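Reviewing the structure listed below.
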Amino acid sequence: MLSMAGCGKEPKAVAASTNAPTGNVDKLKEQARNAVITTKDYLAQQKSRWQKSYADKLSGFDKKLEDVKAKSSQAGDKARSEWSKALSQLEQKKESAARTLEQFKAASADRWQELKTKAETAFADLEQSFKETLSRFTNDNQSAKQ
């Protein structure tokens, strides 16, 4: 009798254990899908934030460039020629940064992080060029006044 009682319980336990993993697998699949969706949403939000940040920086550089152009128009002939060369270089770097921003905007969620580094480099180069140009011409103007 004892052997029959033991055998009677075993099939129920086997049936329950075969159904449990299926439920767990489905649950794991759903969790994985949710994780992928959450990750994609997060990356899209990050891309949007970076894109806005770069667009704002580019607008700021446009304003700075206009200020530099205004200052250069007040300079003497020799200084105006130097300002013109510097402005041309700044314009080229700004256009390069703008192209990078457009690539960044068009990039897929998978690829935008690769372009983020390129955009950071382009904008850092542009910012450094602005600083150097303004510093150089500010120092030249101060030297000429003394």
Could you say whether any residue in the range 114-127 is within 30 Å of Thr39 (Cβ to Cβ), at pLDDT 80 or above, surrounded by fewer than 13 Cβ atoms within 10 Å (Cβ to Cβ) and among the aliphatic types (A, V, I, L, M)? yes
Looking at Ser108, is it closer than 18 Å to Ala44 by Cα, open to solvent by less than 70 Å² (accessible area, probe 1.4 Å) and either not β-branched (Val, Ile, Thr) or not in a helix (DSSP H, G or I) (or both)? yes
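One line per residue, one yes/no per condition, for (1) farther than 23 Å from Ala98 by Cβ; (2) at pLDDT below 85; (3) assigned to a helix (DSSP H, G or I):
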| site | (1), (2), (3) |
| --- | --- |
| Thr22 | yes, yes, yes |
| Gln31 | yes, no, yes |
| Ile37 | yes, no, yes |
| Leu43 | yes, yes, yes |
| Leu58 | no, no, yes |
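Might you let me know whether the range 73-95 holds any residue that is within 12 Å of the chain's Cα centre (by Cα), in a helix (DSSP H, G or I) and at pLDDT 90 or above?
As a first pass, look at the range 73-95 and keep what is within 12 Å of the chain's Cα centre (by Cα): none.
No, the range 73-95 contains no residue that is within 12 Å of the chain's Cα centre (by Cα), in a helix (DSSP H, G or I) and at pLDDT 90 or above.
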Test result for Gln103, in a helix (DSSP H, G or I) and in contact with a helix residue (DSSP H, G or I) (Cβ under 8 Å, 6 or more places away or on another chain): yes
Going by what's in this entry, would Leu65 be described as among the hydrophobic types (A, V, I, L, M, F, W, C), under 17 Å from Phe130 (Cα atoms) and in contact with a Ser or Thr (Cβ under 7 Å, 6 or more places away or on another chain)? no
Going by the conditions given, is Glu102 modelled with pLDDT of 80 or more, open to solvent by 80 Å² or more (accessible area, probe 1.4 Å) and over 19 Å from Arg136 (Cα atoms)? yes
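The values are calculated or read from the model by the stated rules, or taken from the named source; none is laboratory data. All of these numbers come straight from a predicted model, not from anything done at the bench. Cβ: placed from backbone, ideal geometry, glycine included. Neighbour counts: every protein chain shown. Protein only, heavy atoms only, side chains kept; ligands, DNA and RNA dropped before computing areas. Shrake-Rupley method; radii C 1.70, N 1.55, O 1.52, S 1.80 Å.
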